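A short worksheet on the structure shown next.
The values are calculated or read from the model by the stated rules, or taken from the named source; none is laboratory data. It should be emphasised that the depicted structure is a prediction, and the values quoted were computed from it without experimental measurement. Virtual Cβ from ideal backbone geometry, glycine too; neighbours counted across all protein chains shown. Remember, those area values only see protein heavy atoms, side chains included, never the ligands or the DNA or RNA. Shrake-Rupley method; radii C 1.70, N 1.55, O 1.52, S 1.80 Å.
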Amino acid sequence: MPDLRDLYQDVILEHSKRPRNYRTLEAANCTAEGFNPLCGDHFTIYVQVGDGQIRDISFQGSGCAISKASASMMTQAVKGKRTEEAEELFQKFHHVVTGKNGVESNELGKLAAFAGVSEYPVRVKCATLAWHALRAALQGEQHAVSTE
Ligand code: ZN
């Protein structure tokens, strides 16, 4: 059992080195940019939504290991989900990375690897950047979101 308080879990390092769904998406009908000036993380999220379901999702950009791994794992976690399920997952994820109680780590699956972020408040913005951008994309906001 790995210590979940460690910031750089193996799964996080692995995703930061080999991010999944790292490409543009021709069929995207919702996109948004996310920028975390504190760390320099900058990503674009591409989403193809149909009938309230996330049919496909991808991202591109650059950032620290935490932000990149989070974006990669977020795309895997929400692909195929309904948009309201993705929002619900974001709420749970946000609770875990900010160290709030009330969410069982098994509800999050692999995303629970980010629990260690709660020990490093400055990293919360890195871990949630892609999720904020996803939310902006789904809400059809055209401007870039910034964590500041
Ligand atoms: Zn960062």
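What the table below lists for this structure:
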{"quantity": "Cβ-Cβ under 6 Å pairs, at least 6 apart or on other chains, the range 18-46 side under 19 Å from Val124 (Cβ atoms) and within 16 Å of the ligand (Cβ to nearest atom), far side at pLDDT 95 or above and of a type in the set (Phe, Trp, Tyr)", "calculated": "Gly34/Phe43; His42/Phe35; Phe43/Phe59; Ile45/Phe59"}
{"quantity": "The range 128-148, residues that are among the hydrophobic types (A, V, I, L, M, F, W, C) and part of a helix (DSSP H, G or I)", "calculated": "Leu129, Ala130, Trp131, Ala133, Leu134, Ala136, Ala137, Leu138"}
{"quantity": "Residues of the range 87-131 satisfying the condition of being small (Gly, Ala, Ser) and more than 10 Å from the chain's Cα centre (by Cα)", "calculated": "Gly99, Gly102, Ser105, Gly109, Ala112, Ala113, Ala115, Gly116, Ser118"}
{"quantity": "Contacts under 7 angstrom Cβ, first residue in the range 99-113 being in contact (Cβ under 8 Å) with a residue 12 or more places away in the chain, partner open to solvent by 30 Å² or more (accessible area, probe 1.4 Å) and part of a helix (DSSP H, G or I), 6 or more apart", "calculated": "Gly99/Ser118; Glu107/Lys92; Leu108/Lys92; Lys110/Val11; Ala112/Ser105; Ala113/Val11"}
{"quantity": "Lone qualifier among Lys125, Lys92, Lys110 - being assigned to a helix (DSSP H, G or I) and over 23 Å from Asp56 (Cα atoms)", "calculated": "Lys125"}
{"quantity": "Set Gly61, Gly102: member being open to solvent by 20 Å² or more (accessible area, probe 1.4 Å) and modelled with pLDDT of 95 or more", "calculated": "Gly61"}
{"quantity": "Of all residues in the range 109-127 being of a type in the set (Val, Ile, Thr) and in contact with a helix residue (DSSP H, G or I) (Cβ under 6 Å, 6 or more places away or on another chain), the one that is surrounded by the most Cβ atoms within 10 Å (Cβ to Cβ)", "calculated": "Val117"}
{"quantity": "Residue identified as of a type outside the set (Lys, Arg) and modelled with pLDDT of 95 or more among Gln76, Gln9", "calculated": "Gln76"}
